[in-house]
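Report on the following structure.
The values are calculated or read from the model by the stated rules, or taken from the named source; none is laboratory data. Source: prediction; values computed, not measured. In this analysis, Cβ positions are derived from the backbone assuming ideal geometry, glycine residues included, and neighbour counts consider all displayed protein chains.
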Amino acid sequence: MSLEHSASQREAGGNATRQPASRRETGRRPVTRRHRRDAHAPWWQHLLALLVVIVFLAPFAWLAIASITPAGALLDRPLRWWPKTLDLSRWSAIATGGAATPAGGFRQAMINSTIVALGTVALSLTVAVLGGYALSRLRFRGHRMVLLGFLSTYMMPPIAIVIPLYLILVQFGLLDSKIGLILVYSSFITPFVLWTLTGFFDTLPRELDEAATVDGAGRLRILVQVLLPLCRPGIFSAVLFASLLCWDEFLYALIFTSSSSSKTIPVAVAEFSGKFSTDFGLVSAGGLLAALPPVIVALIFQRHIAAGLAAGAVKG
Amino acid sequence: MTVGSSAVSTTPPGRRHRRRNGRAALLFLAPAGLVVFGLVAWPIIRTGWLSFHRVISPLPTVPTESVGLRNFSTALTDPALISAAGRTLYFTLVSTAAELTFGIALGVLMAQRLRFRWLLRAAVLLPWALPTVVNAAMWRYMLNADYGPVNALLTQVGLIDGYRSWLGTPLSALHMIIIADVWKNTSIAAFFVLAGLTVIPRDLIEAAEVDGAGTIRRFFAITLPLLRPVIAVVLVLRTIEAFKVFDIVFVMTRGGPADGTQTVALYAYITAFSNQSFGYGSAVALLIVLVVLVLAMIYIRLLTSSSGPEDR
Amino acid sequence: MSTSTSQLPRRTFLAGVAGLGAVGALAACSSGSEAPSSSGGGSTPGQLQGTINGLFMKQAGYSEQHIRQMAAAFKKANPGVTVNMEFVAYEALHDKIVAAAAAGTYDLVFIDVIWPAELASKGLIADISDRIPANWSTDILPGALNSAVYQKKFYGIPWLLDTKYFYFNKAMLSKAGIEPSSVTTWDGVAAAAKTLKSKGIVKYPLMWSWSQAEAVICDWAALTASFGGKLFDDSGQPAFTSGGAVQALEFMRRTLVDGLTNPSSTQSLEDDVVKVVSAGDAAMGLNWTYMFAAANDPKQSKVAGDVVITEVPNGGAGRMSVNGSSALSITATTKNPDAAWAFAKFVSSQKIQEKYVSDSLPIWKASYDSPSVIKSAPEVVPVAKEQLANMVNRPQVVNYNAISQKLQVAVQKALLGEVDPKQAMTTAAGDVEQILKQ
């Protein structure tokens, strides 16, 4: 009884996808009816919201405009906010440029980043599902210490381990390779996924396990067949945060990769903005392109943000 | 200390049962442990070793020598590091305070019954999803003294009388980096607050509404106190992230002008990779770890003790 | 020096030259593609095999496109060798060399004239003294030849010979009624800038690369030399606390105070100077050779045809500049030193360098009298001939980077008016002496 109670409460914090909606259904309807007059927020709040939208969207809008403005026009004073002639050459270069061109190198970096992100998410999700199950379902000595140990590695500043990590990668011949990067990224993504998933497993009633055990299922089967399907929201949110973290990571990639076959997008952007400082439009196009995948992923999975946050995630 | 006083505590299992569980737990946790500790614990031990040595080349062929605590004593009296630490602290305090304040306001705003609320949420989502390096490159262009759109806009609307060199003087550059950081990271604070708001019982707020409390009073009397645990989490997390700041500075200013934006993480990087003082760089990095660990302790305390909205 | 190593490159070199004609036609298509069949041009395929990875700078000097053409020509002569190239900005170059060293990622790296001491003493680049042909010491200009020498040993193949020149916009000057001959001294430059500003021709006549980077040291070193000062004395100790070094700094500061220098200079690099001058928002500036082509290219510049290259103005001790040469070093970890050497020797050969003279001037003495070279860069070569004979080196010390960082901060503090120039230099001297002792 008490268990169910705590579980359902946890879900309120942990699972924003269904819960707030249902809460709205049951709890608020009469209230809304009572306050029909102010069903919507006052005008000044709308104004404020509009201001926020402008502040957040304006830089993106300018990057988009700059990317189709001729290079010379971007150096005009006073700056014109809409170009007299459109210049689509940068986008076509990015779309069709050969592998040796800067634009082609940029495409390669996007591919590298995608592979590294997918690999990292796959690896850390696999090990974290197993670990999260143990931390949620099995009582053992040092349980708390293990959990905290994992969590504190997540906080570790990369600069503190980058030098020896570099030497280790050299030893195993993994420097300047995507696999090396996947392993390194997994080391800080896993604790985060583990933490998130442990929280989600905790929300699932233990009766489920017990029922399955009676049926004679082993632990691994219970985990895969019973628990995993039920914590899909947790997995979504873990995937969202983990892939964004991978796409964002800079210091390790800066030091561990150098050839175009392993360089990730943040490194490419940093180099790009240094190399082509003579054409702001190319930098703008590159920046927009690099932002596209994470923005799309975030928009698709946005329902799962709150769940990730409640489990203690952060990206920044 | 030993027993896990975890959120879901059931009947204390028997000792034998626990030992059997222990073996299974070991099995289940081994892969994660291998990935995490193999790539963190061992390197951090190596960093410890490096910090007691003079290592001047990335190649193992160049000999190293043991220097005891000299790297640490140098670090604690290194004027460049001390001023970088002060600057990092300032950056941390100002950016975290701003992100929290704006984040709370924005989170509350997002929870309101707005028309086109999806548009607001999508707009807030963008800076959060934007990679830090792209954000930095973008602001470097925005703030370009000669051709940046910020100068163009501000002069065209008459807010400034001539183009300014925003990143050209130390104090101005530091604040521009803070602005760029706040622009991006306010979003995450807002999402935290929004997540916290969804679990505040509406009856409480509506009861106050019936009592005739104004929006502002309602916010300070009810919403804010209830958000305290969430705010604490955001505060500590943002503090940790801000203290480790590297990417945005590296791309926007590289620590200049006149070291005006040099932070501790950037200083450790330059010491190690530009000056090839790997030993000293490691010592500086370990000092950063020390600070972060203290902050992390606070964070973990918040998460596991009073924390999580659910335990209230 | 074994005969085989000395002869092989020569043969490949000649073969490469024979193939050059075809290269121009190749230029248009992406250089990642296969070179045309080696049967054409009568070239003998070289016996060299394997892959070499090179790390190059994308910025001043030869353009990426031209370096790829050179590689294509090399590939044609040596079908067995594949050359992969990475291009990074100067600011990222050093750390990349260090970070990639242990992995052995690169066989050949582009190094700045200030790095050989550091990279050689730390075992990152190889001593190639045995390979250097005897005629180089007489045929190559000393500024380039010594660009990769440390403790009398060669650690690189001289490649780029560069120095800072003074550029001005002749249209702007004539509009203000200023004779070009008056900008041959720094006093004349300051006076011209005042006139340009007061006549409203340009708001900030002067643009510099005074960001916290090596660039500010280069500008300051050039001015120091022209003011008759030295950054370091002959025993390698700081000499910048008095004389020309401080005068130069005071001059730089004064142009900022008087509003003659664009205040964005303290956040700008060489590319920004090119951009601002090319956009017609500055009349004068110091920069490397590459600016001449860039600022006079109608595709990139609004003032193409107006930008004149001259020697650094005189501050009292002559029209002195700073040596900004660079070399190609074979890494200590390479598994294919022969191919790396052959490639480096090929791209630094007189024929190749003369072909791409508009990007960068040859390191070969003879080139400066060659009619075809003079013809292809008639404005640059005569100026370069003078300037290259009058340039100073920055100190060749193991901890140059650490010293340079201290100086960058001190110079910037003086420029920004945070500290008096003399005081800033005295403080920096203390720090630098500390570093030199390590």
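Within segment B:228-242, the presence of a residue that is assigned to a helix (DSSP H, G or I), under 30 Å from residue C:412 (Cβ atoms) and touching a Lys or Arg at 6+ places or on another chain (Cβ under 7 Å) is excluded. Answer yes or no: is there a residue in segment A:257-271 that is assigned to a helix (DSSP H, G or I), farther than 22 Å from residue B:185 by Cβ and at pLDDT below 90. Yes, the conditions are met somewhere in segment A:257-271. Could you tell me whether any residue of segment B:32-50 is over 25 Å from residue A:187 (Cα atoms) and small (Gly, Ala, Ser)? There is no residue in segment B:32-50 that is over 25 Å from residue A:187 (Cα atoms) and small (Gly, Ala, Ser). Out of A:162, A:170, A:116, A:127, one residue alone is hydrophobic (A, V, I, L, M, F, W, C), crowded, with 20+ Cβ neighbours inside 10 Å and more than 9 Å from chain B (Cβ to nearest Cβ). It is A:116. In the set A:285, A:238, A:290, A:212, only one residue is at pLDDT below 85 and either closer than 30 Å to residue B:273 by Cα or more than 10 Å from every other protein chain (Cβ to nearest Cβ) (or both); that residue is A:212. Scanning segment C:334-367 for residues that are modelled with pLDDT under 90 and hydroxyl-bearing (Ser, Thr, Tyr) returns C:356, C:358, C:360.
Just one of the listed residues (C:360, C:349, C:325, C:376) is hydroxyl-bearing (Ser, Thr, Tyr), surrounded by fewer than 17 Cβ atoms within 10 Å (Cβ to Cβ) and either closer than 26 Å to residue C:214 by Cβ or in contact (Cβ under 8 Å) with a residue 12 or more places away in the chain (or both), and it is C:376. The residues on offer are C:255, C:241, C:224, and the sole one that is hydroxyl-bearing (Ser, Thr, Tyr), outside any strand (DSSP E or B), assigned by TED's automatic domain parsing to the domain that holds residue C:179 and more than 22 Å from residue C:323 (Cα to Cα) is C:255.
Quick one: is residue A:275 at pLDDT 80 or above and either within 30 Å of residue C:61 (Cβ to Cβ) or more than 14 Å from chain C (Cβ to nearest Cβ) (or both)? In short, no. Scanning segment C:317-366 for residues that are closer than 15 Å to residue C:74 by Cβ and assigned to a loop (DSSP other than H, G, I, E, B) yields a count of 4. Residues that are facing chain B (nearest Cβ under 7 Å) and surrounded by 24 or more Cβ atoms within 10 Å (Cβ to Cβ) were ranked within segment A:133-155; the one that is nearest to residue A:229 (Cα to Cα) is A:133. Remark: pairs (first residue in segment B:194-210, within 10 Å of residue B:227 (Cβ to Cβ) and more than 8 Å from chain A (Cβ to nearest Cβ); second residue outside any helix (DSSP H, G or I) and at pLDDT below 70; Cβ separation under 9 Å; 6+ apart in sequence or on different chains) are absent.
Kindly check whether there is at least one residue in segment B:84-98 that is farther than 30 Å from residue C:281 by Cα, assigned to a helix (DSSP H, G or I), hydrophobic (A, V, I, L, M, F, W, C) and within 14 Å of chain C (Cβ to nearest Cβ). For segment B:84-98, residues farther than 30 Å from residue C:281 by Cα, assigned to a helix (DSSP H, G or I), hydrophobic (A, V, I, L, M, F, W, C) and within 14 Å of chain C (Cβ to nearest Cβ): present.
Can you find a residue that is outside any helix (DSSP H, G or I), of a type in the set (A, V, I, L, M) and over 25 Å from the mean Cα position of the chain (by Cα) anywhere in segment C:390-411?
The answer is no, given that none of the residues of segment C:390-411 is outside any helix (DSSP H, G or I), of a type in the set (A, V, I, L, M) and over 25 Å from the mean Cα position of the chain (by Cα).
Contact map, segment C:81-102: first residue in the same structural domain as residue C:288 (by TED's automatic domain parsing) and touching a residue at least 40 places away in the same chain (Cβ under 8 Å), second residue in a helix (DSSP H, G or I) and of a type in the set (Val, Ile, Thr), Cβ cut-off under 9 Å, separation 6 or more or different chains; the map is empty. Yes or no: segment A:193-216 includes at least one residue that is under 30 Å from residue B:250 (Cα atoms) and part of a helix (DSSP H, G or I). Yes: one or more hits.
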